[in-house]
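Input: a single structure, listed below in structure tokens.
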Amino acid sequence: MDLNIQEINGRLEKISEGYSKLFAQEQKLKKEKQRLLAKDILDSKPFSRYKWEVKKRDRAGFILKPYFDDDMRFDDLQEKLDLYPHGGFQLLDKIELSGDDGDLYIVASDIKAGIEFIKSQNIEIVIDKSIIDDIKSMEKQIAGLKDFVNQFDTSAERRHIS
């Protein structure tokens with residue numbers, strides 16, 4: 001069966017159209033699956049079963065990691081979301097679950113959205129004692145600096161220190 005170039009081009013075009021339709025359907029199904037998975041996770045609140053700690057923070061957001069020694073506790077969730085060995089799952093607009101070699105992280109790209117997520121999911125955050133000690137030390141330093149500056153009654157900048 002010898003085909004000419006026009007016939008081959010016609011068949012290729014039909015295959016391409018079919019592929020485009022299948023690809024669009026696949027994307028639609030993946031999006032719906034992600035929505036259903038996210039709803040299931042948010043409804044079941046699996047993160048409230050364990051305590052979490054802040055692994056990293058910056059001006060925009062922060063990363064939480066579970067506060068336990070047994071990394072196997074979220075294996076089922078990571079498998080369900082295809083996060084192992086490395087992967088990400090967009091849970092909410094600014095909240096992503098991230099898998100990294102068996103570890104699970106909650107990544108908040110916005111501090112306010114992250115705090116709202118923590119509250120909505122009843123997540124308990126463990127604050128390291130060294131952070132609390134640092135804050136107390138800074139508060140003492142600030143109080144000392146304010147006392148020092150307040151001794152100079154002639155400066156115009158003094159009005160800005162409260």
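Laboratory data are not the source of any read-out in this text; all were calculated from the coordinates shown. In this text, all values refer to a predicted model and were calculated from it rather than measured experimentally. As a convention, Cβ positions derive from the backbone with ideal geometry for all residues, glycine included, and neighbour counts pool all protein chains shown.
Here are some notes:
- Seen against the Cα atoms of the chain and their longest principal axis, helix 129-150 is set at about 50 degrees.
- Contact order normalised by residue count of the chain, Cα under 8 Å, 6+ apart, percent: 19 percent
- Per-residue [θ]222 nm for the chain (sum of -39500 (n - 2.57) over DSSP H runs n ≥ 4, rounded to 500): -16500 deg cm²/dmol
- Panel values: region 1-156, Kirkwood radius from alpha carbon pairs, Stokes-Einstein at 10 °C and 1.306 mPa s, translational diffusion coefficient 80 µm²/s.
- Whichever lysines have a C-alpha closer than 30 Å to that of K30, once near sequence neighbours (fewer than 8 apart) are set aside: K14, K21, K39, K45, K65, K80, K94, K112, K119
- Taking every alpha-carbon pair under 8 Å whose residues sit at least 6 apart, region 45-126 reaches a relative contact order of 36 percent.
- Helix 5-44 axis, angle to the chain major axis (alpha carbon atoms, nearest 10°): 40 degrees
- Tail fraction, Cα-Cα pairs, region 27-76, threshold 12 Å, whole percent: 74 percent
- Chain lengthening between D58 and K129 when straightened (0.36 nm per residue, less Cα-Cα): 23.6 nm
- Distance (nanometres) between label positions extended 7 Å along Cα→Cβ at Q25 and R49: 3.6 nm
- Of the trypsin sites (Lys or Arg not before Pro) found in region 36-96, those in coil by DSSP whose Cβ has at most 14 other Cβ atoms within 10 Å are R59.
- Helix 111-120 axis, angle to the chain major axis (alpha carbon atoms, nearest 10°): 80 degrees
- By DSSP, the beta bridges lying fully in the chain are antiparallel in about 85 percent of cases.
- Highest-first packing order for the peptide set 106-119, 11-24 is 106-119, 11-24, based on the mean count of other beta carbon atoms within 10 Å.
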